[in-house]
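Here's the structure, in structure tokens; my notes come after.
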Amino acid sequence: MTPLIAVVSGPRARLFACFLRLGTQQAGPLQLHTGASLAAKNYYEVLVLGGGSGGITMAARMKRRVGADNVAIIEPSERHFYQPIWTLVGAGAKQLSSSGRPTSSVIPSGVEWIKARVVELNPDKNCIHTDNGKEISYKYLIIALGIQLDYEKIKGLPEGFAHPKIGSNYSVKTVEKTWKALQDFKEGNAIFTFPNTPVKCAGAPQKIMYLSEAYFRKTGKRSKANIIFNTSLGTIFGVKKYADALKEIIQERNLTVNYKQNLIEVRADKQEAVFENLDKPGETQVVSYEMLHVTPPMSSPDVLKTSPVADAAGWVDVDKETLQHKKYPNVFGIGDCTNLPTSKTAAAVAAQSGILDRTISLIMKNQTPRKKYDGYTSCPLVTGYNRVILAEFDYNGQPLETFPFDQSKERLTMYLMKANMMPFLYWNMMLRGYWGGPAFLRKLFHLGMS
């Protein structure tokens with residue numbers, strides 16, 4: 001752990017080094033089980049919609065509040081994935097197999113797993129309907145349905161992924177295609193896109209660009225690669241401190257960034273991508289590619305768009321401090337499916353889970369929620385195979401950093417944390433309801449500095 005000690009010294013460094021060593025250990029799958037499907041009921045005190053990071057985490061926390069028999073999760077998928085690691089899978093630094101486990105292994109023991117899809121929410125009657133015709137009622141509802149990938153909104157996709165030279169780190173079906181396209185690159189344009197919609201992990205579209213540039217350098221292909229980041233946004237990153245650091249990297253590595261460019265069509269048979277200029281609607285440009293990484297348009301899940309719990313844009317309409325629904329007091333939201341005005345990341349879900357746990361516990365006692373979510377989110381901006389800028393910030397776009405050093409600097413220690421420690425925390429602490437984000441570490445480090 002010498003690199004870490006070189007950065008910081010004293011008790012704080014030893015504590016963090018301990019966490020890093022813990023993160024590099026091989027963690028086995030959670031030895032958990034579900035209730036028998038034959039015992040499924042039609043009423044639960046707490047019903048959780050979605051078995052992703054937010055759903056599993058909240059089910060674990062609610063189990064401790066009301067008992068496993070009184071909690072159920074509705075989730076159709078057989079496998080659960082730690083998606084933040086897909087950035088490294090797409091760059092060949094991690095195996096896809098390391099990112100997934102059977103859903104049955106992460107459902108908290110005794111909690112009912114209802115293997116179905118939600119097709120209707122009826123909060124006025126405190127019930128939901130599933131695709132297998134079941135009506136399930138609840139006392140408290142937690143909505144954790146994530147975000148929907150809309151590849152089909154780009155003409156030529158998803159069928160275009162059947163062709164070579166194109167991939168996407170956002171889907172288990174296409175992330176390995178990114179690595180194949182990277183390996184097969186010979187000469188020409190390597191294009192990376194960012195859509196004109198909200199997305200999860202907004203840093204990921206450019207992380208794979210930096211990793212690709214590093215791979216091209218390592219394999220002697222850099223001089224033959226014209227690396228282009230076409231983003232629908234007007235800035236490289238929403239927080240100035242980190243944006244300034246990224247702009248320096250972009251300049252140093254001779255990367256081309258084009259703003260207000262939205263991918264609207266892929267002609268995979270011709271290796272052409274069509275972009276619309278958002279500043280001049282209707283104006284398009286056709287660009288040939290040797291490699292294309294697509295970040296798809298995203299939206300709220302269809303089942304939520306027309307639901308009474310959604311706002312005008314289709315997202316679950318919750319109070320940004322308590323995560324309680326603005327209209328239905330026994331309904332709560334967490335993660336990507338909500339309209340919380342912060343970046344949609346797993347780190348945000350971790351922080352939200354601690355707040356939501358306390359919110360629900362007080363409401364169950366007919367008390368007013370006191371703990372407030374400040375919008376904390378984190379984006380480990382991978383800038384190479386051994387470097388990360390750890391962006392952490394709040395609702396106001398102000399840095400909310402954990403460690404007692406400048407996190408806008410590229411660091412090996414932060415890469416090791418991203419690649420090794422964070423997956424360990426996810427599988428062994430967050431999904432078990434014991435990780436509510438780094439707030440306690442932040443307090444510890446800053447107390448030590450005072």
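Could you check Leu304 against (1) in a loop (DSSP other than H, G, I, E, B); (2) modelled with pLDDT of 95 or more and say which number it fails?
Every listed condition holds for Leu304 apart from (1).
Of these, Thr377, Thr322, Thr345, which one is among the β-branched types (Val, Ile, Thr), buried (at least 18 other Cβ atoms within 10 Å of the Cβ) and touching a Pro at 6+ places or on another chain (Cβ under 7 Å)?
Testing whether each residue is among the β-branched types (Val, Ile, Thr), buried (at least 18 other Cβ atoms within 10 Å of the Cβ) and touching a Pro at 6+ places or on another chain (Cβ under 7 Å) leaves just Thr322.
So is Gly51 in contact (Cβ under 8 Å) with a residue 60 or more places away in the chain and under 21 Å from Gln352 (Cα atoms) or not?
Yes; evaluated as a whole, the condition is true for this residue.
Return yes when Glu265 is out of contact with any Phe, Trp or Tyr (no Cβ under 6 Å at 6 or more places or on another chain) and acidic (Asp, Glu) and no when it is not.
Against the criterion (out of contact with any Phe, Trp or Tyr (no Cβ under 6 Å at 6 or more places or on another chain) and acidic (Asp, Glu)), Glu265 qualifies.
Have a look at Phe237, Phe275 and point out the one that is aromatic (Phe, Trp, Tyr) and more than 30 Å from Glu401 (Cβ to Cβ).
Being aromatic (Phe, Trp, Tyr) and more than 30 Å from Glu401 (Cβ to Cβ) holds for just one of Phe237, Phe275, which is Phe275.
Within segment 146-193, which residues are open to solvent by 50 Å² or more (accessible area, probe 1.4 Å) and either assigned to a loop (DSSP other than H, G, I, E, B) or hydroxyl-bearing (Ser, Thr, Tyr) (or both)?
Pro158, His163, Pro164, Val172, Lys173, Lys186, Glu187
Among the numbered criteria (1) without any contact (Cβ under 8 Å) to a residue 60 or more places away in the chain; (2) touching an Asp or Glu at 6+ places or on another chain (Cβ under 9 Å), which single criterion is violated by Ile128?
(1)
For the condition open to solvent by less than 10 Å² (accessible area, probe 1.4 Å) and modelled with pLDDT under 95, what is the one hit in Phe440, Phe445, Phe403?
Phe445
Select from segment 307-316 the residues that are open to solvent by less than 10 Å² (accessible area, probe 1.4 Å), outside any strand (DSSP E or B) and farther than 25 Å from Asn169 by Cα and list them in ascending order.
Residue satisfying the conditions is Val309 alone.
Given the structure, is Ile73 open to solvent by less than 30 Å² (accessible area, probe 1.4 Å), touching a Gly at 6+ places or on another chain (Cβ under 6 Å) and among the β-branched types (Val, Ile, Thr)?
When the stated conditions are applied, Ile73 passes them.
Could you check, for segment 120-133, whether at least one of its residues is touching a helix residue (DSSP H, G or I) at 6+ places or on another chain (Cβ under 8 Å) and either open to solvent by 70 Å² or more (accessible area, probe 1.4 Å) or outside any loop (DSSP other than H, G, I, E, B) (or both)?
Within segment 120-133 (the criterion being touching a helix residue (DSSP H, G or I) at 6+ places or on another chain (Cβ under 8 Å) and either open to solvent by 70 Å² or more (accessible area, probe 1.4 Å) or outside any loop (DSSP other than H, G, I, E, B) (or both)), the answer is yes, since at least one residue qualifies.
With the requirement that a residue be among the aliphatic types (A, V, I, L, M) and buried (at least 19 other Cβ atoms within 10 Å of the Cβ), what does segment 257-276 give you?
Val257, Leu263, Val266, Ala268, Ala273
Of the residues Thr235, Thr219, which is polar (S, T, N, Q) and under 26 Å from Thr377 (Cβ atoms)?
Exactly one residue qualifies, and that residue is Thr235.
Would it be correct to say that Leu304 is in contact (Cβ under 8 Å) with a residue 60 or more places away in the chain, open to solvent by less than 10 Å² (accessible area, probe 1.4 Å) and within 21 Å of Thr342 (Cβ to Cβ)?
The answer is yes for Leu304.
Scanning segment 131-159 for residues that are small (Gly, Ala, Ser) and in contact with an Asp or Glu (Cβ under 8 Å, 6 or more places away or on another chain), which turns out nearest to Asn262 (Cα to Cα)?
The extreme case among them is Gly156.
Name every residue in segment 406-422 that is under 22 Å from Gly100 (Cα atoms) and open to solvent by 20 Å² or more (accessible area, probe 1.4 Å), in order of residue number.
Tyr415, Leu416, Asn420, Met422
Considering only segment 277-298, I want to know if a residue exists there that is in contact with a strand residue (DSSP E or B) (Cβ under 8 Å, 6 or more places away or on another chain), in a helix (DSSP H, G or I) and open to solvent by 10 Å² or more (accessible area, probe 1.4 Å).
No, segment 277-298 contains no residue that is in contact with a strand residue (DSSP E or B) (Cβ under 8 Å, 6 or more places away or on another chain), in a helix (DSSP H, G or I) and open to solvent by 10 Å² or more (accessible area, probe 1.4 Å).
Within segment 230-256, work out how many residues are outside any helix (DSSP H, G or I), closer than 16 Å to Ala214 by Cβ and open to solvent by less than 60 Å² (accessible area, probe 1.4 Å).
2
The values are calculated or read from the model by the stated rules, or taken from the named source; none is laboratory data. Everything numeric in this text was worked out from a predicted model, so none of it was measured. Note that we place each Cβ from the backbone using ideal geometry, even for glycine, and neighbour counts take in every protein chain shown. These accessible areas exclude ligands, DNA and RNA; they are computed on the full protein's heavy atoms, side chains included. Shrake-Rupley method; radii C 1.70, N 1.55, O 1.52, S 1.80 Å.
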